[in-house]
Amino acid sequence: MENIRTQGINLPKLGLGTFRMQGDACRAAVESALDLGYRHLDTAEMYANEEAIGAALAASKVARADLHVTTKVWNENLAPDAIRRALDASLKKLRLDHVDLYLVHWPALNMNLPDIFETLMKLKEEGRTRAIGVANFNIALLKTVVDEIKAPIACNQVEYHVMLDQTKLRQFLSAKSIPLVAYCPLAQGRVASDEALAAIGRKHNASAAQVALKWLLDQDGVAAIPKASRAESQQANLDALKVQLDDADRAVIAALPKDKRCVNPGFAPAWD
């Protein structure tokens, strides 16, 4: 699978999202994904499933060096000491001595960005995480982090799919050589019932969801982390990599409405 090289790590373009997966079902889903060849796992302290993922990792025969594991600190834990405690707890639950990528999960009102990123950079220096990044940051916040603080951001994880325009954000990230990791890449299932995508799928012997996913993965500097608990869905997402979209397909996708946001971006003003 193709990787994106960013801040010293290799980020597989297709990963497994685990939001709302819990307990034994989560463990089984991660074990299935690893067996199928997934090497990029995405979790967060807020998902309350790091223990289940840790159990799956402990049972796996996949070498740690071949895995990419992302977790995130919740926005209530952004004081320096709280960040450290949160990462300690995440590592213990994941049964790992380091993660590959540690993200600020959501912006918070009145957060102290210099303190946050000083702490994250120290954790990186200590080897507790190989890289650091953000999620759900808009351009204004990114400018502070990247241009003023000069933090070595390895990605910005945001909602992105065929029904949501992220052109301005993508252009900013691309200019800074920062990958975009797309969550909700299938618009929480909405793409499956879109007739335009289904028609493209019939042309390529693929599903509407596979078309939507491949559209994302074809873009430079974009990775995607669809949630998939069943092995059949996980395999279908892997098979999306084989779809070959053409210019006519991309024109149809470009004409789709691009204002369907699935996740409220919170307080962030002037969201771009």
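The values are calculated or read from the model by the stated rules, or taken from the named source; none is laboratory data. Keep in mind it's a predicted model, so treat the numbers as computed, not measured. Because the Cβ atoms are built from the backbone with ideal geometry, glycine has one as well, and the counts that use them run over all protein chains shown. Side chains are part of the model used for accessible areas, which takes the heavy atoms of the whole protein and leaves out ligands, DNA and RNA. Shrake-Rupley method; radii C 1.70, N 1.55, O 1.52, S 1.80 Å.
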> By the gyration tensor of its Cα atoms, with a ≥ b ≥ c the square roots of the eigenvalues, what is the shape of the stretch 1-64: rounded for a/c under 1.5, prolate for a/b over b/c, or oblate?
Replying inline: prolate
> Mind listing the phi-derived Karplus ³J(HN,Hα) values for the stretch 249-255, rounded to whole Hz, using 6.51, -1.76 and 1.60 with θ = phi - 60°, and x for any glycine or proline?
Replying inline: 4, 5, 5, 5, 5, 4, 7
>> Contact order normalised by length for the stretch 204-261, with contacts defined as Cα pairs under 8 Å and 6 or more residues apart; what percent is it?
In response: 42 percent
>> For Cα pairs less than 8 Å apart in space and 6+ apart in sequence, what is the mean separation divided by the residue count of the stretch 94-177, i.e. the relative contact order in percent?
In response: 30 percent
>> Using each residue's phi in the stretch 98-109, evaluate 6.51 cos²θ - 1.76 cosθ + 1.60 at θ = phi - 60° and report the 3J(HN,Hα) Karplus result to the nearest Hz, with x for Gly and Pro.
In response: 7, 9, 8, 8, 10, 10, 6, 5, 9, x, 10, 4
> Using modelled amide H (1.01 Å from N, peptide plane; none on Pro or chain starts), what sits under 5 Å from the amide H of Ala131, excluding residues fewer than 5 places away?
Replying inline: Leu101, Tyr102
>> I need two numbers for the stretch 192-272: Rg to one decimal and Dmax as a whole number, Cα atoms only, in Å.
In response: 14.1, 42
> Dipole of the stretch 101-196, Cα-centred, from +1 at each Lys and Arg C-beta and -1 at each Asp and Glu C-beta, to the nearest 20 debye?
Replying inline: 220 debye
>> How high is the relative contact order of the chain? Use alpha-carbon pairs under 8 Å, at least six apart in sequence, and give a whole percent.
In response: 19 percent
> Where nothing but the Cβ of Lys and Arg (+1) and of Asp and Glu (-1) is charged, how large is the charge dipole of the chain around its Cα centre, in debye to the nearest 20?
Replying inline: 140 debye
> From the backbone phi of the stretch 7-14, what are the Karplus-calculated ³J(HN,Hα) couplings (6.51 cos²θ - 1.76 cosθ + 1.60, θ = phi - 60°) in whole Hz, Gly and Pro given as x?
Replying inline: 6, x, 10, 9, 9, x, 5, 10
> Expressed as an acute angle from 0 to 90° and rounded to the nearest 10, what is the orientation of the C-alpha long axis of helix 113-125 relative to the principal long axis of the chain?
Replying inline: 90 degrees
>> Which residue, Ala231, Leu164, Ala208, has the largest displacement toward the positive end of the dipole of the stretch 115-272 when charges sit on each Cβ (Lys, Arg +1; Asp, Glu -1)?
In response: Ala231
>> How large is the Rg to Rh ratio of the chain when both quantities use alpha carbon positions and Rh follows Kirkwood?
In response: 0.95
> In debye, nearest 20: dipole of the stretch 1-142 around its Cα centre with unit charges on the Cβ of K, R (+) and D, E (-)?
Replying inline: 200 debye
>> Could you tell me the center-to-center distance, by alpha carbons, between the stretch 115-165 and the stretch 86-108 in angstrom?
In response: 14 Å
>> Keeping all protein chains in the complex and leaving out DNA, RNA and ligands, what accessible area do you get for Arg64 with a 1.4 Å probe, in Å² to the nearest 10?
In response: 60 Å²
> Sequence-distant or interchain residues sharing an amide H contact under 5 Å with Tyr160, placed H: which?
Replying inline: Tyr183
>> Tell me the Kirkwood radius of the stretch 83-159: reciprocal of the mean inverse pair distance over distinct alpha-carbon atoms, in Å.
In response: 12.8 Å
